[in-house]
Amino acid sequence: MTISEEKVVSLSYTLVVDGDVIESVKEEKPMRFIYGQGYLLPAFEEKIQGKKTGDEFAFVLSAKDGYGEVDPNAIVELSKDIFKVNGKIEDGLLVKDKVIPMQDSHGNQLNGIVEEVLEDTVKMNFNHPLAGCELNFSGKVVEIRQATDKELIEGLYGERAVSSCGGSCNGCSGCS
């Protein structure tokens, strides 16, 4: 069996960026995903397509094919006032390199990284932490199997399963 659409793939791998190991997944506890369902970077999936159990791989993804180039428009200065709760900024919140979960004006969740704390503002970076980085992957295909119908509908770990209300969301706010 080879890696292709609707297969559950188990991989061990190491990700190296600028000579540093960023992530390492061992064969004993491999990463599992359904191929072709958008779980991984498209260029990563292209590189492993057609591989068989036991095959090893090593490839480099450019920043463009990884998490994109650094977008200078995603680095913004925000008023310190937006970080206040009950008129105060929590101690330790505005610290360089701290990741702060935030929400844009449309309700989209995003993480910002504190780049610099100024007198009245905070410079936040909303780029992916690996934006602008070349990604060096090496690893091994541990297992491949056909995804079940249930996995294709609900996801490998139930992440696409609908809520107990059936997901119709006729005015309730419980599914959002």
Exercise for the section: Just tell me which aspartates and glutamates come within less than 13 Å, Cα to Cα, of Lys47; anything on the same chain fewer than 8 places away is out. Expected result: Asp55, Glu56, Asp65
Completion exercise
Of the convex hull enclosing the alpha-carbon atoms of region 72-125, the direction-averaged projected area in nm² is 3.9
Problem - Top positive-direction residue, dipole computed over the chain with Cβ charges, set Ala147, Val60, Leu41 - result: Ala147
Problem - Contour minus Cα-Cα distance for Leu130 and Arg32 (0.36 nm per residue) - result: 33.1 nm
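Using DSSP to call loops (not H, G, I, E or B), can you name the GluC sites (Glu not before Pro) in region 62-153 whose Cβ has at most 10 other Cβ atoms within 10 angstrom? Walk me through the numbers on the way to the answer.
Working: sites: Glu69, Glu77, Glu90, Glu115, Glu116, Glu119, Glu134, Glu143, Glu151; in loops: Glu69, Glu90, Glu119, Glu134.
Loop-located and lightly packed - Glu90, Glu119.
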Problem - Dipole magnitude (debye, nearest 20) for region 72-125, charges at Cβ of Lys, Arg, Asp, Glu - result: 120
Exercise for the section: Determine, for Met102, Met1, the number of other Cβ atoms within 10 Å of each Cβ, and report the residues in order from fewest to most. Expected result: Met1, Met102
Handout entry: Taking Arg32, Arg160 and counting other C-beta atoms within 10 Å, the order from fewest to most
Key = Arg160, Arg32
Handout entry: Neighbourhood net charge (14 Å Cβ-Cβ; Lys/Arg +1, Asp/Glu -1) for Leu110
Key = -2
Handout entry: Value of relative contact order over region 59-152, rounded to a whole percent, pairs C-alpha under 8 Å and six or more apart
Key = 39
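So if I place +1 on the C-beta of Lys and Arg and -1 on the C-beta of Asp and Glu, and nothing else carries charge, what would the dipole magnitude of the chain be about its Cα centre? I want it in debye, nearest 20.
Numbers: 18 positive and 30 negative charges, 111 e Å.
Here the size comes out at about 540 debye.
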Exercise for the section: State which entries of Lys64/Lys96; Lys29/Lys98; Lys26/Lys98; Lys96/Lys123 exceed 21 angstrom in Cα-Cα distance in the structure shown. Expected result: Lys64/Lys96; Lys29/Lys98; Lys26/Lys98
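What is the fewest-to-most order of Ser24, Ser10, Ser138 by other Cβ atoms lying within 10 Å of their Cβ?
Values: Ser24 11, Ser10 18, Ser138 14.
Exposure proxy ranking, most exposed first: Ser24, Ser138, Ser10.
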Fill in the blank from the handout: With a ≥ b ≥ c from the Cα gyration tensor eigenvalues, square-rooted, and the rule rounded for a/c under 1.5, otherwise prolate when a/b > b/c and oblate otherwise, the chain is oblate
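With contacts defined as alpha carbon pairs under 8 Å and 6 or more residues apart, what's the relative contact order of the chain in percent? Please list the in-between numbers first.
Values: 300 pairs, mean separation 54.7, N = 176.
Relative contact order of the chain: 31 percent.
Read-outs: derived from the displayed coordinates by stated rules, not from any lab. Here the structure is a predicted model, which means the values were calculated and not measured. When we count neighbours, we look across all protein chains shown, and the Cβ atoms used for this are built from the backbone with ideal geometry, even at glycine.
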